[in-house]
Amino acid sequence: MTETTFSPLQKQQSVAEAISAEILDLLRQKELKPGDKLPPERELAEMLGVSRPSLREALRALSIMKIVEVRQGDGTYVGSLKPEELVEHLEFVFMLDNSTMLQLFEARKIVETGNVSLAAERISDEELSILRTCLEKTEHSVDDPEAFMQADIELHEIITRAARNPLLERFMASIGTLSRASRHKTTHMAGVTETAVEDHRRIVNALEAHDPQTASAAMLCHLEHVEQKYRDLVSAEQDMK
């Protein structure tokens, strides 16, 4: 590990937030890398000009997010920084922040319309058969939100794998927990499952026809339907305040 320079902090934020921000900035600048060991607690607190309790608070928060790993008796290390691990605890964010949820819809509309377009060209007969079975599961579980959610997730995962693009598949896996959190909110809303079944049917039909343009349009329509339902929910909640 190269020598990393920690600077005294400006304290407009809470001290723990400022410590976290400093460490995250060093990660962005590549001065800290996965597996690097941080200086001992007393030394790091002196470098940052903060108290040891404040430093421990910041490191606990970063540890929960899997950014650092605190090893008892050994010290604190930068984590692996694998995307799928970093998003593991972000479901809580969605429970608090509507704008984050809307950003997820935005990202899904960009990525999943591309995924399904590729899948329309590359999907196998075996995958189409599995997809049809999955579609039937959604049709039979419109009154069971939890069962519907599982079938819905499976359907989208099959499409992602059928795109035959490991990078896109990795990206979708990295936001898997976030997508599951969004579904917990939307699947229980009136009319969502019924509309989704019709949307899914159009998507699967387009995939069976190996029609990328129609498949992409059907996926976009599906995601926009769910997003609009969520926006309606947010609007109703705000009106009640």
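The values are calculated or read from the model by the stated rules, or taken from the named source; none is laboratory data. Note that the structure is a prediction, hence the values are computed from the model and not measured. Positions of Cβ are backbone-derived with ideal geometry, glycine not excepted, and every protein chain shown enters the neighbour counts. Accessible surface areas use protein heavy atoms only, side chains included; no ligands, DNA or RNA. Shrake-Rupley method; radii C 1.70, N 1.55, O 1.52, S 1.80 Å.
Quick rundown of the values:
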| read-out | value |
| --- | --- |
| Which listed residue, of PHE6, PHE105, is at pLDDT 85 or above, of a type in the set (Phe, Trp, Tyr) and open to solvent by less than 40 Å² (accessible area, probe 1.4 Å) | PHE105 |
| Long-range neighbours under 6 Å by Cβ, at least six apart or interchain, first residue among the β-branched types (Val, Ile, Thr) within the stretch 211-238, second open to solvent by less than 70 Å² (accessible area, probe 1.4 Å) | THR214/ALA206; VAL226/THR186; VAL234/ASN98 |
| Selection within the stretch 160-207 - open to solvent by 30 Å² or more (accessible area, probe 1.4 Å), in a helix (DSSP H, G or I), under 16 Å from SER117 (Cα atoms) and modelled with pLDDT of 95 or more | ARG161, ARG201, ARG202, ASN205 |
| The stretch 34-59 - residue that is in contact with a helix residue (DSSP H, G or I) (Cβ under 8 Å, 6 or more places away or on another chain) and open to solvent by 50 Å² or more (accessible area, probe 1.4 Å) and, of those, farthest from LEU81 (Cα to Cα) | SER51 |
| Candidate set: the stretch 22-33, residues that are part of a helix (DSSP H, G or I) and of a type in the set (D, E, K, R); chosen: the one surrounded by the most Cβ atoms within 10 Å (Cβ to Cβ) | GLU22 |
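Condition check ((1) under 25 Å from ALA173 (Cβ atoms); (2) of a type in the set (Val, Ile, Thr); (3) at pLDDT 90 or above) across all residues:
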position	(1), (2), (3)
GLN13	no, no, no
GLU22	no, no, no
LEU27	yes, no, no
LEU38	no, no, yes
GLU43	no, no, yes
VAL50	no, yes, yes
GLU69	yes, no, yes
GLU84	yes, no, no
